[in-house]
Every structure is written in structure tokens, then in C-alpha cells.
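Just below is one structure, and these are the notes that go with it.
The values are calculated or read from the model by the stated rules, or taken from the named source; none is laboratory data. Please read these numbers as outputs of a predicted model, since none were measured by experiment. For the accessible areas, the whole protein counts, side chains as well, though only heavy atoms, and no ligand, DNA or RNA atoms are used. Shrake-Rupley method; radii C 1.70, N 1.55, O 1.52, S 1.80 Å.
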Amino acid sequence: MSGTAGAGPVRPYVITGGRVAPSRDTLALETLVVATDADEAPEGAGPAAGLSPECAEILDLCGRLLSVAEVAAHLRQPVAVIKVLLADLLDAGLVVARPPVTAADRHDPALLKEVLDGLRQL
């Protein structure tokens, strides 16, 4: 049974080749991913370079910036499966990921100190 449309559902372990963990642990639900331009991809790593139908579909979806959760929702696959496939695409240089901004990175500590000092003067 192949993973093509009309062939019926494919088990997640078949899609990931039996792998249950991605090759990298940097993909949070809110991590943004986008397909690289064909010019930026490593030589020989074009979309037709032996990709599974699911990976090809991810590349099509990621023509625009999407979160890991959005990719999983569009493909109707568990997030764990999508993380494995996205890690493969990242390793191949076919997508790039922008990690989520942490709460600590969103606030300028100097500005927060100034606000705190101003509040203390009230």
C-alpha cells in the first residue's frame, strides 16, 4: 500500500520510516518554517530528490511561512510525525526554521529596569 491519494490511510510509523523522534529537538509547535528557494537549496536536494509524498506536500505548503502546528493541521497528521518530516527537510536544506521568540527575549531588560525605577519613585 503506497502513501498516494486514494490508497487509503497510511500509518504514522510508515510515514516516518519507523522513527518516533526528529533528528533535532528544536521544533516547537510555534516554530515557523518556510521552504527554501531552489537557488538556496544544496545541490541535488531539489523537491524531486526522492521525497515522500508527505514531504513534497510540506514543501508545497511551506511556500509561505507556517508554524509546525499549522503544517500538522493542514496534513491532518500528528505533530510528532510532522516534526520528524520537518527535521528531515531541515537536514536536507529544503526548509528553514525560525525558532519562537522566548519571553525573555521579547523584553528589553534596561527598559524594564527603568519602568521599575519609575514605579518606585511614585
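So the values come out like this:
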read-out	value
Search result, residues across the range 22-48 that are among the hydrophobic types (A, V, I, L, M, F, W, C) and either at pLDDT 75 or above or open to solvent by less than 70 Å² (accessible area, probe 1.4 Å) (or both)	Leu27, Ala28, Leu29, Leu32, Val33, Val34, Ala35, Ala41, Ala45
Unique match (being at pLDDT below 90, within 21 Å of Arg19 (Cα to Cα) and in a loop (DSSP other than H, G, I, E, B)) among Leu51, Leu122	Leu51
